[in-house]
Amino acid sequence: MTTPADGPPLEDQIAQWRMYLRRRTAINDPDVDELEGHLRDQLAALTDAGLARDEAFLVAVKRMGNLDALSREFAREHSERLWKQLVITPAADEAGSSRRAEAIVVLSLAVAAALAVKAPALFGLRLSPDQEVPPFYFRNASLFVFPLLAVYFMWKRRWNAVSGLWLVLPFAAGAVFANVFPWETVAVDNAPKGRDTEVLTMLHLPIALWMAVGVAYVRGRWFDDGGRMNFVRFSGELAIYYVLIALGGGVLTLFTMMMFQAIDINAGWFVGPWLLPCGAAAAIIIGSWLVEAKQSVIENMAPVLTRLFTPLFTLLLLAFLATMAWTGSPINVKREVLIGFDLLLALVVGLVLYAASARDPQAPPDFFDGLQLLLVVSALVVDGVALAAIAARISEFGVTPNRVAALGENLILLGNLSWSAWLYACFLRHQGSFAALERWQVAYLPVYSAWAALVVVTFPPLFGYR
């Protein structure tokens, strides 16, 4: 038995560890027992080697988290059980009943998202395979799904319905500003304007409203420790799941077209107006559910993906800068190019965030941290080049909504990347902590949402809805 100075007794520590595992949705009591057996084997080996019980416990828990073979075994055994665990298995206990209820709620919300996409058809805004998609659908795409996703998190986190009512405000405001401005009715010299501000609204409204989803995800406790980083982690995992679901949906679409074409029936009437838009909306709800359900199995994806894509994006940025310097070719400042550059720089910021979410803040700096700093510095240089090109374009040809939006976004990215580079450099020189970089990244997230909201609300009237 350990003394009070040594900390809690070993069995109490193991009990706390078991409680932590039980909170994971994908782990049942038999799994906890099996994992505890592995833990006790590690403890026995470490105490035989001469470690004190408290030290042996900490080392054993750390090893359990790093046993790739155990993680693969656990993932393999549980992946086949996912649907049984979530849907098929009868609700024999409280946990099973809760999972069954969650499955019903999620599937209901997914159906509601699919129906929300088709609701505008009741008012004459139809999706047709023979006609261009009405701009209304692009402006309101996030409003079809994000409010329902927020409802899911409010239900899952057991929000008080009254205290959560204020979360309706950002979605209501988004619906107003997505539809109140007269983009399609404004004309100059009997010709319609280009409606660049409408495109900016389409691009920025989802960014602004995603923050409201994040508030629902953390149960309104945005500034509590760990909440914002958990939402960052969730966002990354959802993107992965959504891409996988989209790839599967693409295969389903191709086979649908092929099979009906074989009997001389054109399935385009179903694929374009129904399968693609309804499936894309429902997949966000389903993907979020899968991320929540499989968190304990896919935690190891974050460090793997970060270490895979960080060197690739670093090489891409360095190759771009070297090619531009060698050829002397300036950046072509067109809307599509600006959007592409901003997405690239946003991906770099996302990689930095993902690295922070997957890293032990107490670990000392290593080679990968140096690679992350090189990635941030490369992105910083690219951002500076893009800013110079945008400023030159504005000076030569004047102000447009696209150029001002790109200028603001690149300035925001410049601030994030500059201070991130400084904090990374301090960390590598042992003059600062990694926790400071993590705090900076999550504290900066509302800036992106605030700028996106500013673009949606002020740019259309400011630039005459053009």
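The values are calculated or read from the model by the stated rules, or taken from the named source; none is laboratory data. Values in this document were obtained by computation on a predicted structure and should not be read as measured data. For neighbour counting, all protein chains shown are included, and Cβ atoms are generated from backbone atoms with ideal geometry for every residue, glycine included. All accessible areas refer to the heavy atoms of the entire protein, side chains included, with ligands and DNA or RNA removed. Shrake-Rupley method; radii C 1.70, N 1.55, O 1.52, S 1.80 Å.
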Starting from the residue with the highest accessible area, list Arg139, Arg40 in decreasing order, probe 1.4 Å.
Arg40, Arg139
Rounded to the nearest 0.05, what FRET efficiency is calculated for Asp366 and Trp419 with R0 set to 22 Å and r the Cβ-Cβ distance?
0.55
Long-range amide H partners of Phe181 with built H, under 5 Å:
none
Loop only by DSSP, 15 or fewer other Cβ within 10 Å of the Cβ. Give me the chymotrypsin sites (Phe, Trp or Tyr not before Pro) in the stretch 194-291 that pass, ordered by residue number.
Phe223
Hey, any idea what % of the stretch 97-294's accessible area is carbon plus sulfur with a 1.4 Å probe?
69
Given an 8 Å cut-off on Cα distances and at least 6 residues of separation, report the relative contact order of the stretch 301-462 as a percent.
29
Can you tell me the relative contact order of the stretch 97-294? Whole percent, Cα pairs under 8 Å, sequence separation 6 or more.
35
Using amide H atoms built in the peptide plane, which far-off residues or other-chain residues are under 5 Å from Asn140 H to H?
none
Could you give the length gained on full extension between Leu454 and Glu132, defined as 0.36 nm per residue of separation minus the Cα-Cα distance, in nm?
113.0 nm
Starting from 0.36 nm per residue, how many nanometres of slack lie between Arg157 and Leu318 once their C-alpha separation is accounted for?
53.6 nm
If DNA, RNA and ligands are ignored and the probe is 1.4 Å, what is the ranking of Asp196, Asp41, Asp383 by accessible area, most exposed first?
Asp41, Asp196, Asp383
Can you pull the one-decimal nm distance between simple spin-label points at Leu387 and Leu308, each 7 Å off the Cα toward Cβ?
3.3
Want the number for Ile394 to Val176: 0.36 nm per residue separation, take away the alpha-carbon distance, what's left?
75.4 nm
